[in-house]
1. Which ³J(HN,Hα) values, rounded to whole Hz and listed in residue order, are derived for the stretch 441-446 from phi using the Karplus coefficients 6.51, -1.76 and 1.60 in 6.51 cos²θ - 1.76 cosθ + 1.60 with θ = phi - 60°, glycine and proline given as x?
2. Can you list the HN-Hα couplings for the stretch 236-243, worked out from phi with the Karplus curve (6.51, -1.76, 1.60; θ = phi - 60°), rounded to whole Hz and with x for Gly and Pro?
3. For LYS133, give me every one of the lysines with a C-alpha distance below 29 angstrom, ignoring sequence neighbours fewer than eight places off in its own chain.
4. Short version: ³J(HN,Hα) in whole Hz for each residue of the stretch 323-333, in order, from phi by Karplus 6.51 cos²θ - 1.76 cosθ + 1.60 (θ = phi - 60°), x for Gly and Pro, what are they?
5. Could you tell me which of rounded, prolate or oblate describes the stretch 368-415, using a ≥ b ≥ c as the square roots of the eigenvalues of the alpha-carbon gyration tensor, with rounded for a/c under 1.5 and, failing that, prolate when a/b is larger than b/c and oblate otherwise?
6. Distance between the C-alpha centers of the stretch 412-484 and the stretch 331-352? Whole Å please.
7. Mind ranking 146-154, 18-26, 224-232 by how tightly packed they are, going by the mean number of other C-beta atoms within 10 angstrom, highest first?
8. Carbon and sulfur atoms: what percent of the 1.4 Å accessible area of the stretch 257-403 do they account for?
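The values are calculated or read from the model by the stated rules, or taken from the named source; none is laboratory data. Computed from a predicted model, the values in this text were never measured in an experiment. Using ideal geometry, Cβ is built from the backbone for each residue, glycine included, and neighbour counts are taken over all protein chains shown. We work out accessible area using only protein heavy atoms, side chains counted, and drop any ligands, DNA or RNA first. Shrake-Rupley method; radii C 1.70, N 1.55, O 1.52, S 1.80 Å.
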Amino acid sequence: MAASDRMVLGPLVGSIDQGTSSTRFLVFNAKTAELLSHHQVEIQQKFPKEGWVEQDPKEILKSVHECVERTCEKLQQLNIDITNIKAIGVSNQRETTVVWDKTTGEPLYNAIVWLDLRTQSTVERLLKRIPGKNKAFFKFRTGLPLSTYFSAVKLRWLLDNVEEIRQAVDDGRAMFGTIDSWLIWVCICGKKGGIHCTDVTNASRTMLFNIHSLEWDPELCQFFDIPMEILPKVRSSSEIYGLMKICPSLKSGALTGVPISGCLGDQSAALVGQMCFQDGQAKNTYGTGCFLLCNTGQKCVFSEHGLLTTIAYKLGRDQPVCYALEGSVAIAGAVVRWLRDNLGIVKTAQEVEKLAAEVGTSYGCYFVPAFSGLYAPYWEPSARGIICGLTQFTNKNHIAFAALEAVCFQTREILDAINKDSGIPLSQLQVDGGMTNNKILMQLQSDILCIPVVKPSMPETTALGAAMAAGAAEGVGIWSLNPGDLTAVTCERFEPQINPEESEFRYARWKKAVMKSMGWETSEAPPNG
């Protein structure tokens with residue numbers, strides 16, 4: 001095909017969306033924000049011991065290469081000229097921790113995933129060094145409680161338990177990063193001079209970063225005993241970090257030399273993609289976990305109700321930093337994967353909606369999926385998953401319904417906390433993420449919140465947010481973030497259909513179930529024999 005036959009669409013922006021369950025590469029039209037093509041690859045999660053969750057950093061990298069190649073091939077089949085891809089953004093699962101050798105380019109251990117619980121004893125040991133064992137001791141510096149969730153304790157565990165990593169640190173060969181740092185380092189030259197960087201949103205999830213000074217905090221690094229020389233350089237979320245060097249196997253040599261110019265942790269990326277740029281705007285993303293973020297503007301707001309304070313974005317080197325309150329739920333889409341892979345009651349995630357629709361009720365069955373303890377608003381690592389209210393009448397349909405309801409109840413808990421902290425109740429909830437394709441779930445969510453739920457017709461807002469940051473970067477300048485230039489989004493709306501009394505009754509029963517899930521696990525070893 002002659003180059004002149006190719007469709008001319010103006011500048012395009014690619015987006016690497018590396019999540020917990022899958023990797024995707026998506027390409028957007030920078031002028032219209034239209035999604036032109038994408039490819040997705042599921043990522044394997046390894047569970048080597050109870051409570052441990054790992055992924056292979058090389059498998060993650062391979063999945064990125066595969067997604068880029070397949071998407072470019074699909075664009076070529078659509079007669080779209082891939083040389084029009086002018087920038088690439090990265091959005092990633094946050095907190096997941098990788099340490100690699102900068103001389104060989106090889107990871108020194110599997111990535112420890114954000115959901116992983118192996119660090120519970122590390123957290124307890126660190127708490128003993130804090131006055132009053134106060135989990136919130138570093139909250140006003142980091143926005144975060146001391147928890148297994150964040151990167152610093154995972155890195156501490158790696159330094160304590162993996163000899164290869166200790167040796168690499170001593171030799172000056174070790175590099176630490178979250179998934180964004182690993183991908184950017186490899187994609188921009190790798191061991192031949194890769195750029196070791198992260199952005200403020202990802203840095204703010206490590207517990208080593210001061211969210212006011214926007215720098216690694218020497219006192220925090222000292223407390224966790226983390227050598228500062230292994231940390232990446234912290235940059236804004238929208239600037240040119242370097243030029244892409246992957247995809248040599250594509251016949252066209254596509255994307256070599258394209259700037260990587262946007263980087264946001266996935267939940268921040270979704271906030272940008274939902275265009276929540278005003279103080280008070282909020283979104284809820286339903287992925288492996290569930291994350292409700294409310295933009296608080298340039299004001300750092302600290303929660304009285306179990307929410308995190310996090311960096312929302314910093315869209316340019318000279319742009320102000322914006323903050324958000326966040327409610328984090330560990331298990332949302334992961335509960336559907338569990339029903340599929342562990343219980344085997346469905347073969348595909350889509351079947352859960354069908355099973356739930358057949359009964360339309362959980363028949364008094366409640367499911368608290370505290371597989372990794374409880375996150376917001378409880379921060380209770382001792383909790384474990386329970387299914388209660390079972391009778392001889394209960395069947396797999398009711399359990400499927402209860403699993404979907406659990407996602408909605410957990411969202412209600414964090415929405416209540418955000419409403420209390422902000423003092424201004426949200427009048428509707430903007431939603432995105434893979435689970436929002438489930439119409440039963442969206443209707444249930446509206447019923448349980450007693451407010452409308454609004455879903456954009458293009459649900460890939462995480463990838464869109466990273467693309468917007470990349471396209472708007474200085475030196476790229478093909479995507480305008482001025483409010484007047486942003487494309488109006490068409491939405492599907494779900495209105496509450498049950499009376500508030502029924503909703504409150506079900507929510508009260510859920511709270512009762514949550515109480516029963518707590519205090520289940522202790523870190524004391526069982527007696528021998």
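1. Whole-Hz 3J(HN,Hα) from phi for the stretch 441-446: 4, 5, 5, 4, 4, 5.
2. 6, 7, 9, 6, 7, 8, x, 9
3. Within the straight-line cut-off, LYS133 pairs with LYS49, LYS154, LYS299, LYS420, LYS511, LYS512, LYS516.
4. Those phi angles translate into 10, 8, 8, 10, x, 10, 10, 5, 10, 10, x Hz.
5. oblate
6. Cα centroid of the stretch 412-484 versus Cα centroid of the stretch 331-352: 24 Å apart.
7. Peptide ranking by packing, descending: 146-154, 18-26, 224-232.
8. Working: 2530 of 5000 Å².
Carbon-and-sulfur percentage of accessible area, whole number: 51.
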